[in-house]
Every structure is written in C-alpha cells, then in structure tokens.
Amino acid sequence: TDLVADSVTSLLDGDPTTPLTETARQLGKDLQQFRLTAKPLSAGIAGLGGRRTMRHGLRMLNACDRYARILVRSSQTRVETSPELADAINSTATQIRRNIDVLITALEFDQPATVFPSTDFIDTAESIARQHGDQPGRQSLLSALHALRQIDRVVINSAIDLGANNGVLIPNPV
C-alpha cells in the first residue's frame, strides 16, 4: 500500500518519502522468494490439490508486481495537475489502499469484508487528464492511471475470490 501512496505523491508533488525504485526492487525480490517457497506446493504429487490455487495466487502477485513497476516508472515524472485532477488521483490511491487492506484482512483473518472498486475515481481522473490536451507529462500520467486501474482490478478480483463482497461506492451527498 505504501508503494501506491508514495508513487502518487511522487507523481503529484515530485517528492516521494521513500526511493520508489528501491521499494519496487525489494518487492520484486520478495516475490521471487515467495515463488521459490511456493514451488514445492504447486509442483509434483504434493501440489496436486493446491496447484490451481497457488498458481492463481502467483499470477495475481505477478500482475501486481508488473503494474507496480509501471506505476513507479510513470511516477518518476512530476505532472502539473489541477486541484480537481489531484483530488481524483488521491481518491483513487486511497480507495486502492483500502481495498488492499481488505484483501489482507480477508487473507489473514478469514473475515467477511466489502471492497469498493476505484473505477469511478480512475475514470474521472482519466477524463480530466484527457481534457487538458498535450501538457508535459500527460502520457506518464495516463500510464500511471492505467497501472492504478490494473492494480485495483487485481486486488478487487482477488478479494472477491476470497469471499469479500463487491460493494458499490455511493457518493456522499453534497
């Protein structure tokens, strides 16, 4: 969750609290270690029962790793944004972080929970970004938003696979 928040901070403010590239590398190393640890559980006779579940989990983690790296790369360039666009991007990151926390809760405590996709926030941010034409860093911004969308999709689908409810985010009345 910190990588998402730090990447968005870097994209909008240009000053991440931690070195993003190093964080992404460490996550890659952790994923590699997990692959090595999980290999006996997904191979051979011992892995027959859990093979499908383990492979599905590894695909989910690989997708998150891939899109986290894209997000980090896209966040290296600071983008000038309107307050409305910055709010939409920050709302997206906040919702994704909440969904990751729900996924962690579902994994660790086997408790029912509800996830709320950040699709509306991402759609709003993409729409605003496209309206601003060819400003510098626009492609990096759109790439970062695409990576956030994919991370959100993987997290939501994984949480639902673990029994979380797919909620509909209802906007607050103004």
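Give me the number: length gained by fully extending residue 108 to residue 130, i.e. 0.36 nm times residue separation minus the C-alpha to C-alpha distance, one decimal in nm.
Gain on stretching residue 108 to residue 130: 4.0 nm.
Out of every Cα pair in the range 69-174, what percent are spaced more than 18 Å from each other?
Working: 2820 of 5565 pairs.
Of all Cα-Cα pairs in the range 69-174, 51 percent lie more than 18 Å apart.
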*Quote the convex hull volume per residue of the range 72-115, based on C-alpha atoms, as a whole number of Å³.*
70
*How many angstrom lie between the C-alpha centres of the range 125-151 and the range 58-115?*
15
*Would you please give the FRET efficiency between residue 162 and residue 13, computed as 1/(1 + (r/R0)^6) with r the Cβ-Cβ distance and R0 = 45 Å, to the nearest 0.05?*
0.85
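Each value in this text was obtained by applying a stated rule to the coordinates, not by laboratory testing. Just so we're clear, the structure is a prediction, and the values are computed from it rather than from any experiment. In this analysis, Cβ positions are derived from the backbone assuming ideal geometry, glycine residues included, and neighbour counts consider all displayed protein chains.
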